[in-house]
Amino acid sequence: MDIILKIRRFNPETDTESRYQDFRIEAEPDERILDVLMRIKRFQDGTLGFRKSCAHGVCGSDAMRINGKDRLACKTLVRDVAQHGEESVLIEPLRHLPVERDLIVDQTAFFERFRSVKPFLINKEPPPERERLQSPKERMAFDDATNCILCSACFSACPILEENQSFLGPAAVVQAFRFLADSRDKGFEERLPVLNASDGVWPCQNHFECTRACPRAIKITKRINETKRMIEAYQKSQSENK
Amino acid sequence: MKHTFDAIIVGSGGSGLYAALEVSAKAKTAVLSKVYPVRSHTGAAQGGISAALGNVEADDPRWHAFDTVKGGDYLVDQQAAMLMAEEAVQAVYDLENRGLPFNRTPDGRIDQRRFGGHTRNFGEAPVRRACYAADRTGHMILQTLYQQCIKNGVHFYDEYQVLDLALKDNQCAGVVALQLSTGEIHVFEAKTVLFATGGFGRMFKITSNAYANTGDGPAICARRGIPLQDMEFFQFHPTGIKGLGILISEAVRGEGGILRNNRNERFMARFAPTLLDLAPRDMVSRAIMTEIRSGNGIRGDRKIDDYVHLDATHLGKETLQSKLPDITDFCKTYLGIDPAENPIPVLPTAHYGMGGIPTDTHGRVVIDNKGTLIHGLYAVGECACVSVHGANRLGTNSLLDLVVFGRRAGRHMADYVNHGDPAGIATDATDFSREWITRLTAKKKGPHGGRIFDKMQRTMMEKVGIYRTETHMARAVGEIQTLRERYMMVRAEDRRNAFNTDLLELIELGNLLDLSLITAVSALNRRESRGAHSREDYPDRDDPQWLKHTLARLEKDDVGLTYKDVDVSLWKPKPRTY
Ligand SMILES: Cc1cc2nc3c(=O)[nH]c(=O)nc-3n(C[C@H](O)[C@H](O)[C@H](O)COP(=O)(O)OP(=O)(O)OC[C@H]3O[C@@H](n4cnc5c(N)ncnc54)[C@H](O)[C@@H]3O)c2cc1C
Ligand code: SF4
Ligand code: FES
């Protein structure tokens with residue numbers, strides 16, 4: 001069947017504003033949107049810009065807005081967005097990040113926030129000769145948070161970021177939680193200033209848009225709330241100790 | 001723009017990042033990567049990393065080394081394999097200590113599971129040697145190493161595509177790279193350079209490999225006169241999702257999954273009575289193709305796109321959810337089936353290049369049988385050939401290769417920068433790259449590369465695939481040569497500088513064409529069957545003639561071949577049965 005991809009385009013060297021361009025193309029229901037984009041690029045218009053790599057939803061390169069939803073092009077099948085042919089599918093770059101070209105956005109701000117939460121194991125005690133022990137239950141406590149592929153879909157989906165561009169954002173909190181909930185990590189206090197700042201975890205108002213968008217099925221909103229509870233528990237214990 | 005460093009790492013997959021952690025602690029280092037580090041294909045690795053920890057049953061590094069040698073059909077350099085198996089144990093503990101969230105045993109240790117070709121006591125029965133984090137082991141390795149790089153302030157140049165290597169006599173001088181966001185050419189002068197650019201599965205039509213896996217490092221080296229080793233050995237993984245090539249990890253069979261034909265028969269019992277579905281990959285892939293050719297595929301029409309079933313229905317929802325969650329998700333997303341209820345339709349998929357840039361066990365590039373070095377030049381990971389994988393790699397041994405040899409190369413580089421003078425980069429270092437780009441962008445007319453890409457992938461898949469013959473391969477060589485000629489006429493449609501992905505893809509196509517030619521010629525010349533190189537006209541392994549590594553040199557439009565000894569100092573080659 002034929003479908004029409006309506007793609008938002010922008011080339012900083014020639015355009016002052018973005019514009020939409022239609023591509024009519026034959027597509028099979030079981031194909032990925034990424035396959036269709038690749039065919040456009042290889043056989044219709046080589047100038048179309050987008051990122052891609054793994055093509056099966058594990059590298060985080062090709063998050064974009066498809067019919068207004070933040071998704072990975074390689075994890076969205078044609079049949080998810082078009083059943084009968086002749087449908088028009090809207091393809092746009094992610095929000096809240098500057099567009100560099102067509103569907104390519106500058107993720108610097110996203111990665112800066114990721115780095116700001118110290119996303120690495122903090123434990124100053126020398127490790128034992130073998131592995132640090134951890135029970136299966138302790139390991140599962142942060143399991144879904146380890147799945148993040150830093151695709152920025154949640155960052156684009158977040159309604160808070162629309163109003164408050166300095167909000168830490170969902171993924172950075174997930175990454176912090178991944179360590180806060182790891183029985184081997186001792187970095188809570190080091191991460192606290194960033195998380196507890198006014199633009200840290202607190203602006204989140206439980207819209208759940210990030211959770212709906214996440215291609216790795218991370219319970220983002222839940223993890224943000226758990227992080228808030230950890231901070232509150234810590235503050236309570238601090239004031240009791242005084 | 002010109003930059004000066006002590007050490008340059010090209011590539012930020014598992015191998016590049018591990019080396020970067022080591023060398024950056026002691027020398028001024030930069031990591032260049034054409035994709036964001038966390039997008040590297042190491043993140044796609046699923047099943048596990050092997051080490052004889054013995055956490056769930058008795059194990060021994062010597063058994064691991066032996067399995068590696070036998071799995072590689074005796075083309076493995078045996079001391080290198082032994083070293084890898086011995087250092088594996090500490091390497092896995094290091095990863096855990098740095099935060100890697102492995103699955104755990106009830107007593108809190110790193111859990112281990114079975115994988116193809118890994119056995120107890122020199123082949124008795126499968127052993128649990130693969131350490132794993134669900135079916136996301138590579139993702140966790142990549143994340144953990146990147147986290148450590150952030151912690152240690154490693155300097156990254158993200159989205160820089162390296163185009164060329166600068167050599168001065170037998171010494172490395174630096175690299176030339178294109179900055180994707182601006183189209184600007186940069187020169188990185190350095191005393192030492194490490195290539196860690198990963199695999200090149202994109203030369204085949206159906207592959208488990210990422211779009212970025214285009215073999216840039218080996219192709220760059222080949223054009224600079226460095227031979228590539230054992231390129232005829234390319235592994236087809238038995239279980240890719242039919243049609244798409246997306247990998248279904250061997251861990252599915254490690255956990256008990258079974259391959260079945262259209263009579264619901266467990267056909268591996270006929271091909272490998274002891275290890276059954278956990279025989280090495282080359283054997284399982286051939287078994288599947290043999291079944292399909294004899295009309296035992298699910299459709300039974302003997303066509304090469306017929307398929308078989310991977311049955312995991314008896315593993316139960318819980319095991320699938322806790323140990324193979326991503327596989328379950330892939331099946332649901334791409335096939336619309338739940339592996340707990342339906343068998344998975346699978347077919348072999350081009351997966352892993354055993355060959356690559358020849359190195360010693362410090363990652364130093366060695367260009368001949370006499371041990372001649374290119375001073376300051378290193379390679380590790382899938383783009384390199386140590387050789388620990390020989391003619392067929394065992395599952396979980398690649399991730400291990402990355403960390404063991406990534407670490408060794410990084411340490412050696414840190415030491416190397418303290419000795420001798422830099423070669424100094426020549427003023428004309430960028431000429432080759434500039435000419436290449438001009439050729440691709442300045443023309444008024446010319447075909448686009450899309451069709452050449454397609455044709456190359458089909459040629460390699462059909463004629464230099466799982467089963468090979470003289471006639472087919474000779475034809476493939478001719479076809480690739482023609483495509484290389486047509487490539488000279490190709491023109492990029494995109495003329496802009498910022499994120500000209502059209503240009504980048506054409507550059508990658510050029511790299512793949514060079515590697516395809518080298519692969520096809522190396523394969524055509526090896527008149528025996530060994531590991532993944534399986535010839536219908538020479539079905540047996542021929543040790544007297546062919547127990548040797550191929551060294552293939554790109555000489556303009558031809559390939560010159562020489563050979564190199566294999567280290568068989570530990571175990572005498574024996575027939576390979578399982
Ligand atoms: C689906 C899948 C599953 C796998 N599962 C397993 C498993 O369970 N166990 C196992 O042991 N092995 C597994 N493997 C194999 C293993 O994952 C790979 O061989 C390994 O990760 C390769 O790592 P690397 O560091 O060599 O390269 P990669 O991780 O591929 O990284 C290559 C890097 O080089 C960079 N690069 C490439 N070209 C250039 C250039 N021109 N300029 C700048 N940078 C460049 C890229 O940006 C990237 O950062 C699997 C492979 C696949 C495809
Ligand atoms: S939390 Fe989910 S949506 Fe957000 S960056 Fe990570 S994987 Fe993407
Ligand atoms: S291309 Fe890797 S997530 Fe889509």
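The values are calculated or read from the model by the stated rules, or taken from the named source; none is laboratory data. Please read these numbers as outputs of a predicted model, since none were measured by experiment. Because the Cβ atoms are built from the backbone with ideal geometry, glycine has one as well, and the counts that use them run over all protein chains shown. These area figures cover heavy atoms from the full protein model, side chains too; ligands, DNA and RNA do not enter into them. Shrake-Rupley method; radii C 1.70, N 1.55, O 1.52, S 1.80 Å.
Overview of values
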{"read-out": "Condition met for A:VAL89 (closer than 19 Å to A:ARG39 by Cβ, more than 16 Å from ligand 3 (Cβ to nearest atom) and of a type in the set (Val, Ile, Thr))", "value": "yes"}
{"read-out": "Residue match in region B:434-442 (condition: out of contact with any His (no Cβ under 9 Å at 6 or more places or on another chain), more than 20 Å from B:GLU485 (Cα to Cα) and either open to solvent by less than 80 Å² (accessible area, probe 1.4 Å) or within 14 Å of another protein chain (Cβ to nearest Cβ) (or both))", "value": "no"}
{"read-out": "Residues (touching a strand residue (DSSP E or B) at 6+ places or on another chain (Cβ under 9 Å) and either at the interface with chain B (Cβ under 10 Å from one of its Cβ atoms) or in a loop (DSSP other than H, G, I, E, B) (or both)) located in region A:73-90", "value": "A:CYS74, A:LYS75, A:THR76, A:LEU77, A:ASP80, A:ALA82, A:GLY85, A:GLU86, A:GLU87"}
{"read-out": "Pairs with Cβ under 7 Å, 6+ apart, first in region B:553-566 and among the β-branched types (Val, Ile, Thr), second in a strand (DSSP E or B)", "value": "B:VAL559/B:ALA552; B:VAL559/B:ARG553; B:THR562/B:LEU551; B:VAL566/B:LYS548; B:VAL566/B:HIS549"}
{"read-out": "Contacts under 8 angstrom Cβ, first residue in region B:33-46 being at the interface with chain A (Cβ under 8 Å from one of its Cβ atoms), partner β-branched (Val, Ile, Thr) and assigned to a loop (DSSP other than H, G, I, E, B), 6 or more apart", "value": "B:VAL38/A:ILE149; B:GLY43/A:VAL58; B:GLY43/A:ILE149; B:ALA44/A:VAL58"}
{"read-out": "Matching residues in region B:531-552 - criterion: being charged (D, E, K, R), touching a residue at least 40 places away in the same chain (Cβ under 8 Å) and part of a loop (DSSP other than H, G, I, E, B)", "value": "B:GLU536, B:ASP537, B:ARG541"}
{"read-out": "Hits in region A:136-159 (condition: in contact (Cβ under 8 Å) with a residue 24 or more places away in the chain, more than 16 Å from ligand 3 (Cβ to nearest atom) and in a loop (DSSP other than H, G, I, E, B))", "value": "A:ALA141, A:PHE142, A:CYS158"}
{"read-out": "Residue, farthest from ligand 2 (Cβ to nearest atom), within region A:131-157, restricted to residues that are out of contact with any Gly (no Cβ under 8 Å at 6 or more places or on another chain) and hydroxyl-bearing (Ser, Thr, Tyr)", "value": "A:THR146"}
{"read-out": "Candidates A:GLY68, A:GLY85, filtered to the one that is open to solvent by 30 Å² or more (accessible area, probe 1.4 Å), assigned by TED's automatic domain parsing to the domain that holds A:ARG19 and away from ligand 1 (no atom under 16 Å from the Cβ)", "value": "A:GLY68"}
{"read-out": "Filtered residues of region B:494-543 (kept if more than 10 Å from chain A (Cβ to nearest Cβ) and among the aromatic types (Phe, Trp, Tyr))", "value": "B:TYR538"}
{"read-out": "Which listed residue, of B:LEU75, B:LEU100, is open to solvent by less than 10 Å² (accessible area, probe 1.4 Å) and over 21 Å from B:PRO280 (Cα atoms)", "value": "B:LEU100"}
{"read-out": "Pair list, Cβ under 7 Å, 6 or more apart: region A:202-216 residue under 14 Å from A:ILE149 (Cα atoms) and within 14 Å of chain B (Cβ to nearest Cβ), other residue open to solvent by 30 Å² or more (accessible area, probe 1.4 Å) and within 16 Å of ligand 3 (Cβ to nearest atom)", "value": "A:PRO215/A:ARG71; A:PRO215/A:LYS75"}
{"read-out": "Filter pass, B:VAL176 being modelled with pLDDT of 95 or more, touching a Gly at 6+ places or on another chain (Cβ under 9 Å) and more than 29 Å from B:ASN369 (Cβ to Cβ)", "value": "no"}
{"read-out": "Test: residue in region B:182-195 that is under 21 Å from B:LEU95 (Cβ atoms) and either within 10 Å of another protein chain (Cβ to nearest Cβ) or surrounded by 24 or more Cβ atoms within 10 Å (Cβ to Cβ) (or both)", "value": "yes"}
{"read-out": "1 or more residues of a type in the set (Gly, Ala, Ser) and under 30 Å from B:LYS564 (Cβ atoms): qualifying helices (runs of 4 or more DSSP H) within region B:265-364", "value": "B:281-293"}
{"read-out": "Some residue of region B:142-153 being touching a helix residue (DSSP H, G or I) at 6+ places or on another chain (Cβ under 7 Å), part of a strand (DSSP E or B), within 14 Å of chain A (Cβ to nearest Cβ) and modelled with pLDDT of 95 or more", "value": "no"}
{"read-out": "Every pair of residues 6+ apart whose Cβ atoms lie under 6 Å, when the first sits in region A:48-62 and is assigned by TED's automatic domain parsing to the domain that holds A:LYS6 and assigned to a loop (DSSP other than H, G, I, E, B) while the second is more than 6 Å from ligand 3 (Cβ to nearest atom) and aromatic (Phe, Trp, Tyr)", "value": "A:GLY49/B:PHE499; A:LYS52/B:TYR211; A:SER53/B:TYR211"}
{"read-out": "Filter result for the condition that a residue is within 30 Å of B:THR577 (Cα to Cα) and open to solvent by 10 Å² or more (accessible area, probe 1.4 Å), over B:PHE122, B:PHE156", "value": "B:PHE122"}
{"read-out": "Count of residues meeting criterion [under 18 Å from B:VAL89 (Cβ atoms), more than 10 Å from ligand 1 (Cβ to nearest atom) and of a type in the set (Val, Ile, Thr)] in region B:118-156", "value": "3"}
{"read-out": "Checking A:GLU162 against (1) outside any helix (DSSP H, G or I); (2) out of contact with any helix residue (DSSP H, G or I) (no Cβ under 9 Å at 6 or more places or on another chain), the condition it does not meet", "value": "(1)"}
